[in-house]
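Worksheet for the structure shown next.
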Amino acid sequence: MSVEALNVSHPEFGRKTGIKPEDRTELAKALGVVLADTYMLFIKTQGVHWNVTGPAFVSIHELTEKHYTNMYEAIDEIAERIRALGEKAPASYTKYGELSEIEDKDEPQTAHDMLTMLIADHETAIAHMRSAVEWCEGKNDYVTADMLIARMAWHEEAVWMLKALTTD
Ligand SMILES: [Fe+2]
């Protein structure tokens with residue numbers, strides 16, 4: 001081990017992990033999109049939790065609470081992975097709006113419309129995560145890939161549960 005590697009103030013300290021510095025920046029950008037998607041979905045899920053009406057109110061109200069609670073914790077995990085890669089985590093609504101393809105929507109809707117909206121948004125998030133996983137594996141970042149695979153599995157289960165509540 002070189003003397004330089006022992007210097008805690010050295011920018012590469014703790015990051016000699018086999019991932020190239022330029023790849024870490026790109027990986028952090030891909031994770032920034034995942035963070036933005038998760039935040040947008042978190043806000044919209046909480047909106048449905050508050051505003052849904054109709055005969056399925058209790059079921060939707062309870063399921064959306066479970067979902068936004070999970071995403072609240074995931075947001076922190078994703079942001080901290082960006083920091084572990086050495087980059088700053090995006091932390092503003094403006095940046096989330098720019099990074100995510102999930103559109104802000106706060107209009108009166110039926111319960112069915114709300115569920116359909118959330119399903120489409122989860123599917124958007126899953127698609128971005130899938131591309132990010134392929135990219136991470138290509139750059140040897142198996143830690144991020146592993147985290148994203150777990151997130152995708154959770155979002156796929158969320159889609160199933162939301163679909164099961166629709167009236168189609
Ligand atoms: Fe609540």
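With respect to ALA89, determine if the residue is touching an Asp or Glu at 6+ places or on another chain (Cβ under 8 Å), part of a loop (DSSP other than H, G, I, E, B) and under 27 Å from PRO21 (Cβ atoms). Yes, satisfied. Here THR53 meets each of (1) within 16 Å of the ligand (Cβ to nearest atom); (2) of a type outside the set (Gly, Ala, Ser); (3) in a helix (DSSP H, G or I) with one exception, condition (3). The condition (being modelled with pLDDT of 95 or more and more than 15 Å from the ligand (Cβ to nearest atom)) is satisfied by just one residue among ILE78, ILE60, ILE19, ILE43: ILE78.
Assess whether THR25 counts as being farther than 20 Å from GLU157 by Cα and away from the ligand (no atom under 15 Å from the Cβ). In short, yes. When each of GLU62, GLU137, GLU101 is tested for being surrounded by 14 or more Cβ atoms within 10 Å (Cβ to Cβ) and either in contact with a strand residue (DSSP E or B) (Cβ under 7 Å, 6 or more places away or on another chain) or among the acidic types (Asp, Glu) (or both), the lone residue that passes is GLU137. Residue-level check: of (1) among the hydroxyl-bearing types (Ser, Thr, Tyr); (2) more than 16 Å from the ligand (Cβ to nearest atom); (3) surrounded by fewer than 19 Cβ atoms within 10 Å (Cβ to Cβ), THR38 misses just (3). With respect to the conditions (1) away from the ligand (no atom under 16 Å from the Cβ); (2) in contact with a His (Cβ under 7 Å, 6 or more places away or on another chain); (3) of a type in the set (Ser, Thr, Tyr), SER92 falls short on a single one, namely (2). Evaluation of VAL48 against the conditions (1) of a type outside the set (Lys, Arg); (2) assigned to a helix (DSSP H, G or I); (3) within 16 Å of the ligand (Cβ to nearest atom); (4) exposed (fewer than 14 other Cβ atoms within 10 Å of the Cβ) shows that the sole unmet condition is (4). Give region 83-98 a look and list any residue that's modelled with pLDDT of 95 or more and buried (at least 19 other Cβ atoms within 10 Å of the Cβ), or say none. PRO90, TYR96 - these are the residues of region 83-98 that are modelled with pLDDT of 95 or more and buried (at least 19 other Cβ atoms within 10 Å of the Cβ). Sub-7 Å Cβ pairs linking a first residue in region 44-55 that is under 14 Å from LEU118 (Cα atoms) and touching a residue at least 24 places away in the same chain (Cβ under 8 Å) to a second residue that is among the polar types (S, T, N, Q) and within 11 Å of the ligand (Cβ to nearest atom), at least 6 apart or interchain, are THR45/THR64; VAL48/THR64, ordered by first then second residue.
Of all the numbered requirements in (1) hydrophobic (A, V, I, L, M, F, W, C); (2) surrounded by 17 or more Cβ atoms within 10 Å (Cβ to Cβ); (3) out of contact with any helix residue (DSSP H, G or I) (no Cβ under 9 Å at 6 or more places or on another chain), LEU118 misses one, and that requirement is (3).
The values are calculated or read from the model by the stated rules, or taken from the named source; none is laboratory data. From a predicted model like this one, the values you see are computed outputs, not experimental measurements. No Cβ is skipped: glycine too gets one built from the backbone with ideal geometry, and neighbour counts run over all protein chains shown.
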